[in-house]
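Undergrad: This is the structure I have questions about; it appears just below.
None of the figures in this text is laboratory data; all of them are computed from the coordinates on show. Source: prediction; values computed, not measured. Methodologically, a virtual Cβ is constructed for each residue, glycine included, from the backbone with ideal geometry; neighbour enumeration extends over all protein chains shown.
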Amino acid sequence: MERLIYSHDFASLPKLALLQWKMIPDFVALPKTVEEVSRLVQFAYEAGLPIIPRGGGTGLVGGAVPNRGGILLDLRRMDRVESVDPERRTVRVQAGRAWKELADLVASRGMFLPVVPLGAPASTIGGWIANGGVGIGSYKYGDARDYLVEMEVVLPSGEIVHTADRTVDLAVAYANLNPAFFGSEGTIGVITSVSLQLLPKPESLTPLSYSFKDLWAARDVPGAIAGSDLEPYHAAVMDPTHLALVKAVRPDSPEPQGLVNVVFEGPRDEVTASEKEMDALVSGLGGKKLAETLARSQWEGRFDLYPARRISGGLVITQAEFPVARFPDMLRRTSRIGKKLRMQVAVNSFLVDGNSVAVEPYFLMEEQAPLGPLTLAFVKKFGDAAFALGGHPRGLGLFTAFNFRKMHRGATGIYEAVKSQLDPYRKMNPGKMTEVWTRYDLPIVNVIPPEIMGFGLDVAAAVRRLKPTSDRYVTIETGGR
Ligand SMILES: Cc1cc2nc3c(=O)[nH]c(=O)nc-3n(C[C@H](O)[C@H](O)[C@H](O)COP(=O)(O)OP(=O)(O)OC[C@H]3O[C@@H](n4cnc5c(N)ncnc54)[C@H](O)[C@@H]3O)c2cc1C
């Protein structure tokens with residue numbers, strides 16, 4: 001039973017997938033020290049077993065799920081904050097600590113961890129770094145890589161290495177190997193602890209919320225913010241379907257509408273000036289400012305976006321980033337794909353930086369219904385739309401590995417060279433990046449070529465389109481607004 005719990009991450013995967021992948025690990029290990037991790041990695045090599053690092057299991061694409069069994073390393077017991085240095089404003093923390101816990105802790109010491117994922121209560125330091133993620137704070141401050149002073153990593157050989165000199169401040173550091181492990185999805189090393197650069201705690205933080213008739217009416221907001229001199233800490237757009245799904249579970253939440261949440265932080269006078277500028281920008285686009293209490297409750301609930309999971313037997317979130325100028329096109333395409341596949345899809349988005357926006361559609365599904373898994377075709381079609389608009393889907397795992405070559409093009413060979421150098425026997429989280437391994441270690445059936453995997457999902461989409469009725473979990477009334 002305990003091993004079964006580790007056979008999936010946040011993504012809903014049908015039982016049918018067990019025919020293709022051995023997702024239940026043979027062993028689960030919960031190390032507490034880097035030495036234990038190193039010995040476990042060496043043991044896996046000697047025993048000829050795959051080894052899969054796992055943090056909070058909040059990944060969306062089966063990255064922390066075995067495909068051929070093996071040893072799963074649950075790193076959440078490695079959650080010690082080893083030191084906080086208020087003078088250099090750095091923190092040393094083990095990789096299994098959740099981002100929110102760390103952010104709260106440094107805030108209690110008067111400092112600021114500027115970027116965290118939207119899944120911060122459960123997502124771990126090592127997991128988000130291994131995912132190369134972006135999240136809250138990225139528009140103004142970049143991604144976690146920009147705050148990484150140094151990491152301790154256990155290589156596939158069991159060797160413990162440091163990626164840089166931890167006594168050197170980030171601002172003056174020159175050579176380091178942080179980028180090699182950032183976004184490497186646990187395939188070339190297990191991150192066991194990291195040093196992060198912190199910032200002074202901002203003087204004030206003001207969340208603002210604006211209402212639009214629907215999502216389409218708010219389509220120009222991300223582009224307008226990116227084209228202005230405003231520098232919000234976070235800027236998100238939510239659609240009426242999302243709000244209707246939340247309302248179905250929490251009746252006191254806001255009515256379905258196009259909702260724009262923007263947060264400014266910094267010196268008080270700068271925040272006040274930004275608020276005025278933002279008000280004018282939104283009013284020029286036809287939006288209406290909402291009450292301060294609503295804006296504050298939106299900010300406080302920022303980590304709690306998917307309560308609707310409870311309505312059905314599964315919830316699938318997918319993500320893509322693409323040029324901010326293409327946001328309206330992306331909305332149009334996403335809605336068209338949802339309609340064609342007869343699915344009710346909610347669309348949340350946030351600005352990543354001045355050039356790109358992250359769009360995160362999600363949908364409910366019945367994981368155990370015979371045809372429920374066909375909805376996964378949406379993930380493929382949405383990813384294709386992102387590529388077509390000059391962007392790319394985010395996240396590589398069991399069911400998105402077919403995207404690697406398209407996402408990284410020429411760099412695919414570099415990744416493969418690094419992988420075969422560091423992990424010649426392909427034991428560390430194998431068969432999920434450039435190729436998809438099956439559970440069968442036999443010739444011909446051992447690998448699903450990425451094209452076949454993508455083709456399978458295209459077939460699922462074709463079958464979905466034959467469905468006579470649409471799946472609908474909530475009815476949406478946008479009222480006057
Ligand atoms: C509600 C919610 C909100 C989210 N918000 C965001 C967001 O804002 N931005 C974003 O980018 N993503 C987001 N995600 C996706 C996902 O949560 C993040 O990518 C997340 O940070 C993964 O962290 P985790 O600890 O759960 O990793 P897991 O899911 O356990 O693992 C993810 C990958 O990292 C590897 N890994 C885990 N720990 C280590 C380690 N110590 N060393 C080496 N490899 C490791 C695993 O093998 C796997 O490939 C969200 C997901 C949910 C459910």
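Undergrad: For V357, what charge total do you get from the other residues with a beta carbon under 13 Å from its beta carbon, if Lys and Arg give +1 and Asp and Glu give -1?
TA: Residues close to V357 contribute a combined charge of -2.
Undergrad: Let me ask something else. Once you wrap a convex hull around the alpha carbon atoms of the chain, what is its projected area averaged over all directions, in nm²?
TA: 22.2 nm²
Undergrad: Segment 339-404 to segment 201-223: how many Å between their Cα centroids?
TA: Their Cα centres are 23 Å away from one another.
Undergrad: Let me ask something additional. One-quarter of the Cα convex hull surface for segment 278-367, in nm²? Present the calculation step by step, with values, prior to reporting the outcome.
TA: On the way: hull surface 29.7 nm².
Mean projected area for segment 278-367: 7.4 nm², to one decimal.
Undergrad: Which far-off residues, 5 or more places away or on another chain, put their amide H under 5 Å from the one on I136, with H placed in the peptide plane?
TA: V116, L118
Undergrad: Which of the GluC sites (Glu not before Pro) across segment 45-135 are loop residues per DSSP, with 14 or fewer other Cβ within 10 Å?
TA: For GluC sites (Glu not before Pro) across segment 45-135 that sit outside H, G, I, E and B with at most 14 neighbouring Cβ atoms in 10 Å, the list reads E87.
Undergrad: In segment 200-318, what is the volume of the convex hull around the alpha carbon atoms, normalised per residue and reported in Å³?
TA: Hull volume over Cα atoms, normalised by residue count, gives 120 Å³.
Undergrad: With an 8 Å Cα cut-off and a minimum separation of 6 or more residues, compute the relative contact order for segment 283-372 in percent.
TA: Relative contact order of segment 283-372: 35 percent.
Undergrad: For segment 426-481, what relative contact order do you get, as a whole percent, if you take Cα pairs closer than 8 Å and at least 6 residues apart?
TA: 19 percent
Undergrad: Let me check the size of segment 348-432 from its C-alpha atoms; what are the radius of gyration and Dmax in Å?
TA: Rg and Dmax of segment 348-432, Cα atoms, are 15.9, 43 Å.
Undergrad: A follow-up question, please. If you rank K201, K432 by fewest surrounding Cβ atoms within 10 Å, what's the result?
TA: If I rank by nearby Cβ atoms, fewest first, I get K201, K432.
Undergrad: Restrict the search to segment 337-428; then list the trypsin sites (Lys or Arg not before Pro) that DSSP places in a loop and that have at most 10 other Cβ atoms within 10 Å of their Cβ.
TA: Of the trypsin sites (Lys or Arg not before Pro), the ones in loops of segment 337-428 whose Cβ has at most 10 other Cβ atoms within 10 Å are R409.
Undergrad: Continuing with the same structure: Excluding same-chain residues fewer than 8 positions from K381, which lysines have a Cα within less than 23 Å of its Cα?
TA: Of all the lysines, those that pass the test against K381 - Cα under 23 Å, at least 8 places apart if same chain - are K15, K339, K340, K406, K432, K467.
Undergrad: Just in segment 106-157: which trypsin sites (Lys or Arg not before Pro) are loop by DSSP and have at most 15 other Cβ atoms within 10 Å?
TA: Details: sites: R109, K140, R145; in loops: R109.
Filter output for segment 106-157: R109.
Undergrad: Return the lysines within reach of K201: Cα separation strictly under 21 angstrom, same-chain partners fewer than 8 residues apart disregarded; answer none if there are no such residues.
TA: Qualifying lysines at Cα under 21 Å: K100, K140.
Undergrad: Now for a separate question. Can you name the helices of the chain, as whole DSSP H runs, whose Cα span along the helix axis is 18 Å or more and whose Kyte-Doolittle mean is not below 0.5?
TA: Going by DSSP H runs, the hits are 450-465.
Undergrad: Please report the projected area of segment 79-200's Cα convex hull averaged over all directions, in nm².
TA: Over every viewing direction, the Cα hull of segment 79-200 projects on average to 6.9 nm².
Undergrad: Which of the aspartates and glutamates could be linked to K213 by a straight reach, that is with a Cα gap under 17 Å, when you skip same-chain ones fewer than 8 residues away?
TA: D239, E255, D279, E477
Undergrad: From Cα pairs below 8 angstrom and at least 6 apart in sequence, can you work out the relative contact order of segment 79-200, rounded to a whole percent?
TA: Relative contact order comes out at 31 percent.
Undergrad: Tell me which residues come under 5 Å, amide H to amide H, from T90 once H is placed; ignore anything under 5 positions away on its chain.
TA: Those qualifying (amide H under 5 Å, at least 5 residues apart or on another chain) are D85, L198.
Undergrad: Report ³J(HN,Hα) in whole Hz for each residue of segment 432-445, in order, from the Karplus equation J = 6.51 cos²θ - 1.76 cosθ + 1.60 where θ = phi - 60°; Gly and Pro get x.
TA: 9, 9, 9, 8, 10, 6, 9, 6, 9, 8, 10, x, 6, 8
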